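Here the structure comes first, spelled out in structure tokens, and everything after it is commentary.
Taken together, the values in this text are just the output of simple stated rules run on the coordinates, not laboratory data. Nothing here was measured: the structure is a model prediction, and the numbers come from that model. Cβ placement follows ideal geometry from the backbone for every residue including glycine, while neighbour counts extend to all protein chains displayed.
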Amino acid sequence: MKELSKQELHNLAMNIVGRQLVADGFEFMGVKSDMKQDPQFVCLKDKNLHFIVVRPVPFPEDPTVYDEKLLDKIKDHALKFEARTFYAGVGLSNAENRNEPVYLNQPYIVDYHGLIEIQ
């Protein structure tokens, strides 16, 4: 069994969030899949610009807890574009044993609570 790399976990989290954004009617203006580039999604919805930072979160960490310093920096950048800023933390864990890593082509558990707006 091959353990997913950090970039693969990041891509998985982005796919989960991306599917939800499509379902919620967001239009993608830009997508960055590189873990070191923020925000990952720049979207339009109802003529409003949205900057969305996505992070995979390993079990047992709380996927709703985010790096406030980073998100404040992104928010300051977003304000220059009159955009709203959101955090999307996606908890990912092995379905067989939550203390094991997530493996390629093996079941996993998703703990995603949706977009959290950064005020």
- Round to the nearest 10 and give me the degree value, 0 to 90, for the angle of helix 68-79's Cα axis relative to the longest principal axis of the chain. 40
- Note on the structure: Residues whose modelled amide H sits under 5 Å from the amide H of Arg84, counting only those 5 or more places away in sequence or on another chain, are Leu49, His50, Phe51
- Query: How about Lys80: which lysines have a C-alpha closer than 20 Å to its C-alpha, ignoring those fewer than 8 places off in the same chain?
  - Reply: Lys32, Lys45, Lys47, Lys69
- Of all DSSP beta bridges located in the chain, what percent are antiparallel, nearest 5? 65
- Query: Say a site is exposed when it is one of the GluC sites (Glu not before Pro), sits in a DSSP loop, and has at most 15 other Cβ atoms within 10 Å; what is then the longest site-free stretch of the chain?
  - Reply: 1-60
- Query: How much net charge surrounds Tyr66 when only other residues with a Cβ under 13 Å from its Cβ are counted (Lys, Arg +1; Asp, Glu -1)?
  - Reply: -3
- Within region 1-62, report the trypsin sites (Lys or Arg not before Pro) that DSSP leaves as loop and that have at most 13 other Cβ atoms within 10 Å. Lys2, Lys36, Lys47
- Rg followed by Dmax, in Å, when the chain is reduced to its Cα trace: 14.5, 46
- Task: Specify the inter-centroid distance of region 15-29 and region 30-100, based on alpha-carbon positions, in whole Å.
- Result: 13
